[in-house]
Amino acid sequence: MKISQATFAGSSTRTHEKPKVRLPEFAFIGRSNVGKSSLINMLCGQRRLALTSSTPGKTKLVNHFLINGEWYLVDLPGYGYAKMPLKEKEKLQAVIRDYLNHSDELVKLFVLVDCRHSLQKADIEFITELGGSDIPFAIIFTKGDKMGPVARRKQINDNIMALAGILGGAPEYFESSSQTGLGKEEILGNIGECLQKMKQADAEDNEDEA
């Protein structure tokens, strides 16, 4: 799948404030400075669609981007900000939980993890909780250009094995780099497959009703 059009559709802190036109949503989340905005820009082929910053906690709202007029790419606030005041953390957690618990249009959540490091406590806590929910999700290992292929593969394998032990099975995952475009085709292809399955299911439902 190729993205030919990506436009900002609105920001919110609660699901009832989302864009009025309801479409399938694919959301992205991760720890601070994991490269989320850069990844979104890479996937959409735009340099400044999602604003990037070295300051943790820049994204404090749920941002919807309309893609090809057919679905939303959703940029969620991050988690695990060590230096953020407790009240600010709680506000962000409330925004995230409201979206994940109440967005009926959410098709899949992509959890971003820096491929250079072992899973952090915040990652483990978030993914463990996610594994106990009904939300379909996949892991995206970011910053793949920052390591050699052998070292990157070893670190990713170690993280996948750790997640398999936590979740009772290895999660779906992708490798990415916003600098080289690594993973762009695979991630967008996965989203395209999800959308196609939804269209097929809707068509079958319509046939049954007829």
(request) Kindly indicate whether ILE166 is in a helix (DSSP H, G or I) and more than 20 Å from GLY35 (Cα to Cα). (result) yes
(request) Residue by residue through the range 173-210, note down the ones that are part of a loop (DSSP other than H, G, I, E, B) and in contact with a helix residue (DSSP H, G or I) (Cβ under 8 Å, 6 or more places away or on another chain). (result) SER176, SER177, SER178, GLN179, THR180, GLY181, LEU182, GLY183
(request) Pairs only if they're at least six apart or on different chains, beta carbon under 9 angstrom, first in the range 78-104 and surrounded by fewer than 15 Cβ atoms within 10 Å (Cβ to Cβ) and outside any helix (DSSP H, G or I), second modelled with pLDDT of 90 or more and charged (D, E, K, R); list them, first residue then second. (result) ASP104/ARG22
(message) Of the conditions (1) touching a residue at least 40 places away in the same chain (Cβ under 8 Å); (2) under 16 Å from the mean Cα position of the chain (by Cα); (3) farther than 16 Å from ILE40 by Cβ, TYR173 satisfies every one except a single condition; which number is it?
(response) (1)
(request) For the range 109-133, enumerate the residues that are surrounded by fewer than 17 Cβ atoms within 10 Å (Cβ to Cβ) and not in a loop (DSSP other than H, G, I, E, B). (result) LYS121, ALA122, ILE124, GLU125, THR128, GLU129, GLY131
(request) Tell me, yes or no, whether the range 13-24 has at least one residue that is at pLDDT below 90 and assigned to a loop (DSSP other than H, G, I, E, B). (result) no
(message) Restricting to the range 25-51, give me the number of residues that are outside any helix (DSSP H, G or I) and hydroxyl-bearing (Ser, Thr, Tyr).
(response) 1
(request) Give the range 163-210 a look and list any residue that's of a type in the set (Asp, Glu) and either crowded, with 17+ Cβ neighbours inside 10 Å or at pLDDT below 95 (or both), or say none. (result) GLU175, ASP202, GLU204, ASP205, GLU207, ASP208, GLU209
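The values are calculated or read from the model by the stated rules, or taken from the named source; none is laboratory data. Since the structure is predicted, the reported quantities are computational estimates derived from the model, not experimental observations. Cβ sites come from the backbone with ideal geometry, for glycine too, and all protein chains shown count toward neighbours.
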